[in-house]
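Here's the structure we're looking at; comments come further down.
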Amino acid sequence: MLDLNHKSGFVYGRDASEPEPLGARINARIDAALVAERDRQRPRDYLGASRIGEPCARRLVYEFHKTPVDPGKEFAGLTLRIFEAGHVFEDLAIRWLRAAGFDLRTQTREGGQFGFEAAGGRICGHVDGVIVGGPDLAIHWPVLWEHKALKASSWNDTVKKGVRHSKPVYFAQMQIYMAYMALDAALFTALNKDTCELYHELVPFDVSAAQELSDKAVQVLRAADAGDLLPRGAAHADFYLCRFCPYSARCWSEGQP
């Protein structure tokens, strides 16, 4: 008769010598692999258009200088998984829009992303796509296409307030893209990661907003070149943007305001 009761070293399907559950050990290996993969990538040597809308210009100077983040504030494997999943959702949205009759271009004839360079390549942007034609929806093609995958609460806030007020960084990103790519409008698509609902918003080009953002980018580059720190984007360290900033401890230990 088979007797398994004498087996030691297993507790409810888990090796008693292992302090972590199987799932946690697998995830730790996945996350370590993703972090190692990220560390092998060549760091950006330019100010990305997707970051110019960041409210705190000082943070942008830190980022441009590749200043080390505060201990423990590095992107964890989970965050890298979220970023990668966003690309999968983007691919789905591209397929759905094309199936619906939108002529959405995501690559140049040479196979790279559409984008732009300015300030001698020190400001760069790479767009999700450009829609050059589509159904009769009273939209004048071509338009920039920008996609974001959002959790339900963030998606609902975007639907309620619109991208300019709910997601000012994304709004700024589109304005910079439109300015340098000579486009008059952008179609912003937000996918709800929890329900796969889609929100679409036509965002017109705002000349004054784009000029202000372009001036800000130049200001960041000049400060970085001079070794200066621009003013903080908040008056107190407990401001919500500071609490989530990876440079918060470093920033508030600096003597400059």
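Across region 136-163, which residue is farthest from the chain's Cα centre (by Cα) among those that are under 22 Å from S50 (Cα atoms) and of a type in the set (D, E, K, R)? Per the criteria, the residue is K161.
For beta carbons closer than 6 Å, sequence separation of 6+ or different chains, a first residue in region 138-153 that is at pLDDT 95 or above and a second that is of a type in the set (S, T, N, Q), the qualifying pairs are H147/T189; A152/N192.
Is it true that some residue in region 221-236 is within 24 Å of M178 (Cβ to Cβ) and either among the aliphatic types (A, V, I, L, M) or not assigned by TED's automatic domain parsing to the domain that holds V169 (or both)? There is at least one residue in region 221-236 that is within 24 Å of M178 (Cβ to Cβ) and either among the aliphatic types (A, V, I, L, M) or not assigned by TED's automatic domain parsing to the domain that holds V169 (or both). Among residues belonging to region 86-125 that are of a type in the set (V, I, T), within 18 Å of Y180 (Cα to Cα) and out of contact with any Gly (no Cβ under 6 Å at 6 or more places or on another chain), point out the one that is surrounded by the fewest Cβ atoms within 10 Å (Cβ to Cβ). Ranking the candidates gives T108 first.
For region 222-248, a residue qualifies if it is of a type outside the set (A, V, I, L, M), in a loop (DSSP other than H, G, I, E, B) and farther than 20 Å from K73 by Cβ, and the qualifying residues are G227, D228, P231. Selection of region 45-65 for residues being among the basic types (K, R) and in contact with a Lys or Arg (Cβ under 8 Å, 6 or more places away or on another chain) yields only R58.
Among the residues of region 65-85, none qualifies, meaning not one is modelled with pLDDT of 95 or more, in contact with a Leu (Cβ under 9 Å, 6 or more places away or on another chain), assigned by TED's automatic domain parsing to the domain that holds Y180 and surrounded by 13 or more Cβ atoms within 10 Å (Cβ to Cβ).
The values are calculated or read from the model by the stated rules, or taken from the named source; none is laboratory data. Bear in mind the structure is a predicted one, so any value in this text is a computation, not a measurement. A quick note on method: Cβ atoms are made from the backbone with ideal geometry, for glycine too, and the neighbour counts reach across all protein chains shown.
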